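J.: Input: one structure, supplied below.
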Amino acid sequence: QAEFASLTELENLLRNGKNALSNEGEHAAKEAMHLFSTLSARCPGSVAIACLQMEAVLRSRPKQGAGLVLSESARWMRKHKDNPDLICVRGKALYGTGQIDQALKHFAEALRLDPDHTASRKMRLKLKEIEASKAQGNEAFQAGRYDEAIQAYTATIELDPDNDDLHLTLYTNRATAKFKASDFKGCIDDCNAALAISNRHIKALLRRGAAKLELEMFKEAIADYEEAQSIEPNDAAIAQALRKAKLELKKSLRKDLYKLLGVTKHATDAELKKAYKKSALQYHPDRHHASSEEERAEAEKKFKEIGEAFEILSDPQKKARYDEGADIDEINGNGGGGG
């Protein structure tokens, strides 16, 4: 009678665990993990119960569970390498750690052993869809269709809202596409999302630093590059990016000759001449003879600054020195030497 009661208790644990596992939500997953842990302690040699317990771990601990299951499933695989349920749950753990190719091989092997293995078939189809969607984004990015790439990466993220390892790659890819599309604020948002998953992710730090440079957030960009350098102190590319950010900060503290003329630093010679003529005409003293003395003085100052800006930016050698960070007085020969 005691054996019968014990068997009934085990059956109840198994049934209740499976019911909890079939329900959505973190609470149900934790309940399933508790029930299967109790059952596993009572039946330590059962691979079937071990597989259900590992499934519950994956569901109840989405961030750490995959790593735990990889370790635990490896132990069971030594004696049960042909068990499709075990191979499937290990495949899910591999997918949870971002190893999609290995995960697909596991699901294919489980289906070879049992062609009707529903869980493996579902996971294989899901991963194939994710791979195809991600590849579509990569292809669009390589072709320079950045808006299309952004849409594809977004769609891929939505296929599995819970896989952080997958999202880490996709947020970084989408950030790069947004950078190329000149959506620098959007790029920073995606880098922040990636860094929330892994705060030492070099690619996200560097991409965020580059986006901040474009938005003239020089001190913030320097902070990102310095953090990246603390992670990879011997990386020459990071050191160069940091030097560039510090140079851009230095340049930002000077008078901005490009802004004086209303052009970007990428302006052509023709655009510079056109901008100069327009600004010079606007602030020419002859157009302000009827203005107040204060307004005439301001216009005269502006006219002089515009002339100085055009003189430097229209001279290739002076422009090169200015772009390299030289002060205006140094360029005009009035300074005390280069720095």
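Please treat every number below as a calculation from the coordinates, not as lab data. Quick caveat: nothing in here was measured; it's all calculated off a predicted structure. Quick reminder, even Gly has a Cβ in these numbers, built from the backbone with ideal geometry, and neighbours come from all protein chains shown.
J.: Round to the nearest 0.05 the FRET efficiency obtained for Leu7 and Lys185 when R0 = 45 Å and r is the Cβ-Cβ distance. Could the numbers behind the result be given before it?
T.: Values: r = 63 Å, r/R0 = 1.39.
Efficiency computed from Cβ-Cβ geometry: 0.10.
J.: While we're here: Using a basic spin-label model with each label point 7 Å from the Cα along Cα→Cβ, how many nm lie between Ser46 and Gln142?
T.: The modelled label-to-label distance comes out at 4.9 nm.
J.: Rounded to whole Hz and in sequence order, give me ³J(HN,Hα) for the range 89-98 from the Karplus expression 6.51 cos²θ - 1.76 cosθ + 1.60, θ = phi - 60°, writing x for Gly and Pro.
T.: After applying 6.51 cos²θ - 1.76 cosθ + 1.60, I find 5, 5, x, 5, 5, 4, 4, x, 9, x Hz.
J.: Then there's this: Run the simple label-point estimate for Lys274 and Thr118 please: 7 Å along Cα→C-beta, distance reported in nm.
T.: So the label points at Lys274 and Thr118 sit 6.7 nm apart.
J.: Could you tell me which of the pairs Lys81/Lys203; Lys185/Lys274; Lys203/Lys274; Lys30/Lys126; Lys246/Lys277; Lys63/Lys244 are separated by over 28 angstrom between their Cα atoms in the structure shown? Could you put the intermediate results ahead of the total?
T.: Details: Lys81/Lys203 37 Å; Lys185/Lys274 31 Å; Lys203/Lys274 40 Å; Lys30/Lys126 24 Å; Lys246/Lys277 33 Å; Lys63/Lys244 37 Å.
From Lys81/Lys203; Lys185/Lys274; Lys203/Lys274; Lys30/Lys126; Lys246/Lys277; Lys63/Lys244, over 28 Å: Lys81/Lys203; Lys185/Lys274; Lys203/Lys274; Lys246/Lys277; Lys63/Lys244.
J.: If you stretched the chain out fully between Glu216 and Ser198, how much longer would it get, using 0.36 nm times the residue separation minus the C-alpha to C-alpha distance?
T.: Values: separation 18, 0.36 × 18 = 6.48 nm, distance 2.55 nm.
Length gained, Glu216 through Ser198: 3.9 nm.
J.: Shape call for the range 245-337 from the C-alpha gyration tensor, a ≥ b ≥ c root eigenvalues: rounded (a/c under 1.5), prolate (a/b greater than b/c) or oblate? Could you put the intermediate results ahead of the total?
T.: Details: a/c = 2.23, a/b = 1.64, b/c = 1.36.
Judged from the Cα gyration tensor, the range 245-337 comes out prolate (a/c at least 1.5, a/b above b/c).
J.: Something else about it: Classify the chain as rounded, prolate or oblate, taking a ≥ b ≥ c as the square roots of the eigenvalues of its Cα gyration tensor: rounded when a/c is under 1.5, otherwise prolate if a/b is larger than b/c and oblate if not.
T.: Details: a/c = 3.66, a/b = 3.43, b/c = 1.07.
Prolate is the answer for the chain, as a/c is 1.5 or above and a/b outweighs b/c.
J.: Take peptides 146-156, 7-17 and line them up by average Cβ neighbours within 10 Å, highest first, as a rough protection proxy.
T.: Order by mean packing, descending: 146-156, 7-17.
J.: Another question, if that's okay. Taking 25 Å as R0, compute the FRET efficiency from the Cβ-Cβ separation of Ala132 and Lys63 and round it to 0.05.
T.: On the way: r = 26 Å, r/R0 = 1.05.
Rounded to the nearest 0.05, the efficiency is 0.45.
J.: For the range 204-211, what does the Karplus curve 6.51 cos²θ - 1.76 cosθ + 1.60, with θ = phi - 60°, yield as ³J(HN,Hα) per residue in whole Hz, taken in order and with x for Gly and Pro?
T.: Here the 3J(HN,Hα) series is 5, 4, 5, 5, 5, x, 5, 5 Hz.
J.: For the range 136-214, what class follows from the C-alpha gyration tensor (a ≥ b ≥ c being the square roots of its eigenvalues): rounded when a/c is under 1.5, otherwise prolate if a/b is larger than b/c, else oblate? Walk me through the numbers before you get to the answer.
T.: Numbers: a/c = 2.00, a/b = 1.03, b/c = 1.95.
Oblate shape, in that a/c is at least 1.5 and b/c is the bigger or equal ratio.
J.: Go through the range 149-166 residue by residue and turn each phi into a ³J(HN,Hα) via Karplus (6.51, -1.76, 1.60, θ = phi - 60°); whole Hz please, and just put x for glycine and proline.
T.: For the range 149-166, the Karplus curve yields 4, 4, 4, 5, 5, 5, 4, 5, 4, 6, 5, 8, x, 10, 9, 5, 5, 5 Hz.
J.: Using Cα-Cα distances under 8 Å and only pairs 6 or more residues apart, what relative contact order does the range 45-126 have, in percent? Write out the running numbers ahead of the final one.
T.: Details: 89 pairs, mean separation 19.8, N = 82.
24 percent.
J.: Let me know the whole percent of all Cα-Cα pairs from the range 19-122 that are separated by more than 22 Å. Before the final figure, lay out each step's value.
T.: Values: 1320 of 5356 pairs.
Here the long-distance tail beyond 22 Å is 25 percent of all Cα pairs in the range 19-122.
J.: So, R0 is 45 Å and r is the distance between the beta-carbons of Glu26 and Gln282; what FRET efficiency does that work out to, to 0.05?
T.: Working: r = 64 Å, r/R0 = 1.42.
Efficiency computed from Cβ-Cβ geometry: 0.10.
J.: Any chance you could give the angle, 0 to 90 degrees and rounded to 10, that helix 293-313 forms with the longest Cα principal axis of the chain?
T.: 70 degrees
J.: Please give the length that would be gained between Ser291 and Asn19 if that part of the chain were fully extended, namely 0.36 nm times their separation in residues minus their C-alpha to C-alpha distance (nm, one decimal).
T.: Details: separation 272, 0.36 × 272 = 97.92 nm, distance 8.48 nm.
Between Ser291 and Asn19, full extension yields 89.4 nm more.
J.: On to the next question. In nm, to one decimal, how far is the Lys105 label point from the Ala237 one, both placed 7 Å along Cα→Cβ?
T.: Each label point is offset 7 Å from its Cα along the Cβ direction, giving 2.8 nm.
J.: Near Ile150, within a Cβ-to-Cβ distance under 9 Å, what is the net charge of the other residues, with Lys and Arg +1 and Asp and Glu -1?
T.: Details: positive: Arg174, Lys178; negative: Asp147, Glu148, Asp183.
So the surrounding residues net to -1.
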